[in-house]
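Structure record follows, encoded as structure tokens.
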Protein chains: 4
Amino acid sequence: MIGIAVLGTGRIGRMHAENIAAHPRARLAGVYDINTSAASEVAAKLAVPQFESVEGALAASDVDAVLIASSTATHADLIEQAVEAGKAVLCEKPIDLSLDRVNECATRIAGTRLPIMLGFVRRFDSGHAGVRKAIEGGRIGDLHQVIITSRDPGMAPDAYIEASGGIFRDMTIHDFDMARFILGEDVAEVTATGSRLIDPALMARCDDFDTVTAVLKTSTGKQAIIINSRRAVYGYDQRVEAFGSAGMVISENRTRDHTRHFTVDFTDSAAPLKNFFIDRYADAFAAEISAFVDAITHGNPVPVGFEDGRQALILAEAAIRSAAEGRPVAIREIG
Amino acid sequence: MIGIAVLGTGRIGRMHAENIAAHPRARLAGVYDINTSAASEVAAKLAVPQFESVEGALAASDVDAVLIASSTATHADLIEQAVEAGKAVLCEKPIDLSLDRVNECATRIAGTRLPIMLGFVRRFDSGHAGVRKAIEGGRIGDLHQVIITSRDPGMAPDAYIEASGGIFRDMTIHDFDMARFILGEDVAEVTATGSRLIDPALMARCDDFDTVTAVLKTSTGKQAIIINSRRAVYGYDQRVEAFGSAGMVISENRTRDHTRHFTVDFTDSAAPLKNFFIDRYADAFAAEISAFVDAITHGNPVPVGFEDGRQALILAEAAIRSAAEGRPVAIREIG
Amino acid sequence: MIGIAVLGTGRIGRMHAENIAAHPRARLAGVYDINTSAASEVAAKLAVPQFESVEGALAASDVDAVLIASSTATHADLIEQAVEAGKAVLCEKPIDLSLDRVNECATRIAGTRLPIMLGFVRRFDSGHAGVRKAIEGGRIGDLHQVIITSRDPGMAPDAYIEASGGIFRDMTIHDFDMARFILGEDVAEVTATGSRLIDPALMARCDDFDTVTAVLKTSTGKQAIIINSRRAVYGYDQRVEAFGSAGMVISENRTRDHTRHFTVDFTDSAAPLKNFFIDRYADAFAAEISAFVDAITHGNPVPVGFEDGRQALILAEAAIRSAAEGRPVAIREIG
Amino acid sequence: MIGIAVLGTGRIGRMHAENIAAHPRARLAGVYDINTSAASEVAAKLAVPQFESVEGALAASDVDAVLIASSTATHADLIEQAVEAGKAVLCEKPIDLSLDRVNECATRIAGTRLPIMLGFVRRFDSGHAGVRKAIEGGRIGDLHQVIITSRDPGMAPDAYIEASGGIFRDMTIHDFDMARFILGEDVAEVTATGSRLIDPALMARCDDFDTVTAVLKTSTGKQAIIINSRRAVYGYDQRVEAFGSAGMVISENRTRDHTRHFTVDFTDSAAPLKNFFIDRYADAFAAEISAFVDAITHGNPVPVGFEDGRQALILAEAAIRSAAEGRPVAIREIG
């Protein structure tokens, strides 16, 4: 049994703690949060120790690994501390909002053989992963175009948006990683454009966008199109389409159950979409923990690592520059 | 060009007249209705002659065939007259509400080489016909079960129901023919049950049902299940499912257009179902005319003939007896 | 934490044991099987005690309840023993193949206040339960017709079929319970018919059927149609349709993931159906344990109890008689 | 009855001639083609006169309007001649490959009150038009994003591609018009990118692309994303998605019939997509003729006119420049 400590017991940390506690091959070694009452609540509920400090968690002999789910600004520091303490790491995205800080962190942990995994959970969704598998199995021939639709069910609170680093670093970063995952080759160029259609005042104040489109191109001409909105009133819209020389495969939305409804008012209506990322990607979050445990146990390479986190941020930086300057931005211009 | 006269210019006769007028290989030779103003309206609109009598229509040298769309009670007489006049016939279902009258008519027209076709239009629906084709092509292996869902969008007027001969002869008769079409072998036994759930008072008065289920079985054990309701508030529900040793094929409902709608209130909602048999089976009605014209022109056997009309009525009689007596009724008991 | 012992560690017992072990409010108190090596394997894997006898399990003070997943012939005895020992019971279906034995058991446990729950797991499926909820919420108005399609992915081994008590007691029993669950009122009459289309020789030898249809009717005229096959080559086909005066709701099949595939050979093809009852109803099995734990903890009535098991068997008996005698069988004729 | 002459009896001209001949409010006045044998075949089949020259057609007193379906290079000349002769015009897209020629034609016909309609047939598709109607009816609130997927079923012959004026003028032009139709406001900027993935050699020789993406933006920030491929092996892929503040509406693909297939090899597979533009848009082509006849008869403005043809070409020019220069191109830079 792999002992894992969870650092950060906000909404997503709590969910991870529960998944680890329920995992057949992992053990929740304890939890820590700077907000001690939040941590003690989770510790009590799951009947595990509460660490008094990060240092305490990292010093514990029954802690093999840490899951970092604290605020973004602490991620890089915690990765560095964990590596120094010899602990494997599963870190929520993004590594940091600053590419310089990410690069610095990369330098500091260079050479470690510890598994350092990034929490791009969508790679573990059976539908999205099924798209990748279909491509690898040759079912659509040569890949030509990838279309990623990713719309949040509702605007995050203003304070969240203001501290988010902007839509490309905060939200689209998942899609940049998905594009890399599905494309299977390096992106050469990003062209992005943003609009302020949902909350123009907030967006103007933050110099941010709520509605964006990004077109990515590889050196061989493969295209990935990312379509984002901060608010889809019908729920959490998460689709991936891959088109190739021999066919197409689509990963579809998930509804709350498998019913269809017919009345005077509507025809063949599905149940509502799963509306919250923790519900929508529940299976994927569990599979992510399994993959992490397997990487530690068997010494497998992590399926998505630090460099993937860095590359996604590079795409975000390119998109930011593209949208600001109104031109395609070559990846080689960044970082 | 085959010249066709339309006898009966009610709702369905008008529709047939328009289809014939628009058909590239047929010519609308004229129309007749006992209601002369109804007939003259159609004649004027389509710029064709109005016959003053059935005899006049049957005597016209440019009339090669007649389409009988008058009231049910006149069908058998008109078939006999047309055959005597040497005209091909396409007759709306049913031939008659009385099996005795149908048998008498069969005797009188026995030996004719004229094409006598029955208007079981659903055989010409691309979806339902696609089910039959899939079976013939071996795509589902040996056929085991057929499920026919057939629900009208709304109750017909009381007067219609009262004169209809009952749901089995009036409505289910389409499904009996569909069952025969899909099964591809003779039905040996019918078990039917009826309920009065939509308009119990009217149904009791007419000794009729508004909600029925019939289970048909062939001598080899194939099963066909027919599910009927006189009123589906969501529209005209017309589905056929065929299940066999190697797979299943389903003919699905038709919506008014191919849009899908997502809002706060509904998810992936289709456009409303086509709500009226003339819309739902528009393509099938046109294909039916083509098949009739082809049978006349090339001397092909008609795809659905007088005997098919008689057999469907026999199944209806068996269902009526089964529902009344609460027992399976063998087809050999009837007629 | 409720302590639950699992009696019987075959395929389904093992699955239940794992679900109990992973449940946040239950504790797997130990396992027992007459096949001691099967039991010890499960005990070792889940790190729980192995009981040496049923008596040992029932005597253990940390056992609050038992889950009976042993062979059918032992169910009634074990229920009686458990009740005598003061333990709550969750028993796999059926209670017994003999209605007399079930009635005897009912008499013996009469008056117990212990939760006695029957394992009709499909009631806990979110789709099927969603159909029931839609009805209760008035979304389809008055219920008129229920259509339950239930086809196994493949024939069970001959030995299983031979000892199964026949398709109606073994397989359709789930659908009889589902019909009762969805109808929400008592069935008055059953008409069933069976065919031998998949393995005629085996079926003739066992006086059994592999392809059956049953039509159930309540005293108010509601109809439920059950469509069964022992082998659907395309996977485990599990659908429920409820039709009423104000609409229709359908619980659809489950696929392995949410991808759609388009190639030269097929269009908009789904991933394969979940093919095994343990996968298809995985969520439902977990929800079933939760409902059982809640019934024990809060003293709630069990959502599906002994009498539900008895009523489903009565419907099976009626169906057997109906298929044998070729007539509708009134429920009051049975038991 | 409006008399319409068809100029050009290639594949699309023949189809239009048949639609006009079958139209209840139009009359096919005759046909002309520089290839006289092609024209005489159509004239014979439809039993209409064959004109010996364009001048002859335009001089005929029973010709109220002309449908121009000849080669692209003749369109502008024929429009000018028809207007001079006082005939209404329905012209296939594009008006010309040269924007200068289009502008010249615009000048020459300026001030005419004759209906001049452009054959952007997709506007008449019930699905795509249903999207526009949903927007106009306020069903999705404020429009934010439009996604148009438009993939041909197979590469046109090399000679066609070579003379086509490039993918943006030849194929994407339909999507540019669709974007304008759905957006309902002027496009301000186009960013396009192209790849050579299907036939790189041919594309390099023609300085053309076979796989393109274009992102259009209006001055208010609405986005339209066009996704094109010259070859989708699974058929003619034609979808439109509109996303707004209150919901989403999607126009889906069309299959050959409404069957679904389940076997060992595939699950819930649809019939193949309609594979040819004449089949896929058959209803739309008929509706287009109706709209033209209505415009002539009632003096309604044409639903899609000369200026729409010019604007679509401007977007194509902008896309060509954008793809060539690797930058967004403002519409005001063109023409």
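Quick notes on this structure:
- Links that overshoot a 24 Å alpha carbon limit, given the list C:K45/C:K274; A:K217/D:K133; A:K93/A:K274; A:K274/C:K133: C:K45/C:K274; A:K217/D:K133
- Directionally averaged shadow of chain A, computed from the convex hull of its alpha-carbon atoms, nm²: 18.6 nm²
- Expressed to the nearest 5 percent, the antiparallel share of DSSP beta bridges inside chain C is 60 percent.
- The value obtained for the range D:2-114, namely the Cα convex hull volume divided by the number of residues, is 88 Å³ per residue.
- Shape of the range D:157-283, Cα gyration tensor, a/c cut at 1.5: oblate
- Between the exposed loop cleavage positions of chain A, defined as GluC sites (Glu not before Pro) in a non-H, G, I, E, B DSSP state with at most 14 neighbouring beta-carbon atoms within 10 angstrom, the longest gap is A:186-335.
- Per-copy distances of the A:M155 label point, shortest first, in nm (7 angstrom along Cα→Cβ): 4.9, 5.1, 6.4
- Just checking the listed ones, B:V233, B:V264, B:V31: in the Gaussian network model of chain B with Cα springs under 10 Å, the one fluctuating most is B:V264.
- GNM remark for chain C: springs join alpha carbons under 10 Å apart, and the peak mean-square fluctuation among C:R280, C:R25, C:R11 falls on C:R11.
- Computed over chain D with a Gaussian network model linking Cα atoms closer than 10 Å, the most mobile of D:G137, D:G184, D:G154 is D:G137.
- Percent antiparallel among DSSP beta bridges (both partners in the protein assembly as shown, rounded to 5): 60 percent
- Sequence-separation-based contact order of the range A:57-204, relative, with Cα cut under 8 Å and 6+ spacing, percent: 18 percent
- Loop-located trypsin sites (Lys or Arg not before Pro) in the range C:83-170, at most 11 other Cβ atoms within 10 Å (DSSP): C:R113
- Here the protein assembly as shown is assigned +1 on the Cβ of each Lys and Arg and -1 on the Cβ of each Asp and Glu. Its dipole about the Cα centre then comes out at about 0 debye.
- Neighbour net charge for A:Q81 - beta-carbon separation under 10 angstrom, K R +1, D E -1: -3
- If you take all other residues with their beta carbon under 11 Å from the beta carbon of C:Q238, and give Lys and Arg +1 and Asp and Glu -1, the sum is +1.
- Close amide H partners of C:A271, meaning residues 5 or more places away or on another chain with modelled amide H under 5 Å apart, are C:D257, C:T259.
- Virtual spin-label span in nm between C:N35 and D:A201, 7 Å along Cα→Cβ: 6.3 nm
- A simple charge model with +1 on the Cβ of Lys and Arg, -1 on the Cβ of Asp and Glu and nothing else charged puts the dipole of the range D:7-73 at about 260 debye relative to its Cα centre.
- Annotation for D:R11, label-to-label distances across the other copies: 4.1, 5.3, 5.3 nm (shortest first, one decimal, point 7 Å from Cα along Cα→Cβ).
- Label spacing, shortest first and in nm, from D:D100 to its equivalents in the remaining copies (7 angstrom along Cα→Cβ): 5.3, 8.9, 10.3
- D (Stokes-Einstein, µm²/s), Kirkwood Cα radius, the range A:81-178, 0.692 mPa s at 37 °C: 202 µm²/s
- Whole-Å semi-axes of the protein assembly as shown's equivalent ellipsoid (Cα gyration tensor): 56, 50, 22
- Estimated FRET transfer efficiency (D:A188, A:N275; beta-carbon r; R0 30 Å; 0.05): 0.30
- Estimated vicinal HN-Hα couplings, Hz - the range A:165-180 in sequence order (Karplus 6.51, -1.76, 1.60; Gly, Pro = x): x, x, 4, 5, 7, 8, 10, 5, 4, 4, 6, 4, 5, 4, 4, 5
- Cα-based shape type of the range D:276-335, given that a ≥ b ≥ c are square roots of the gyration tensor eigenvalues and the cut on a/c is 1.5: oblate
- Residue closest to axis [chain C; rotation mapping onto A; Cβ; Å]: C:A22, 3
Just so you know, all these numbers are worked out from the coordinates, no wet-lab data involved. What you see is a predicted model; the values in this text were computed from it and never measured. Neighbour counts run over all protein chains shown; Cβ positions are idealised from the backbone, glycine included.
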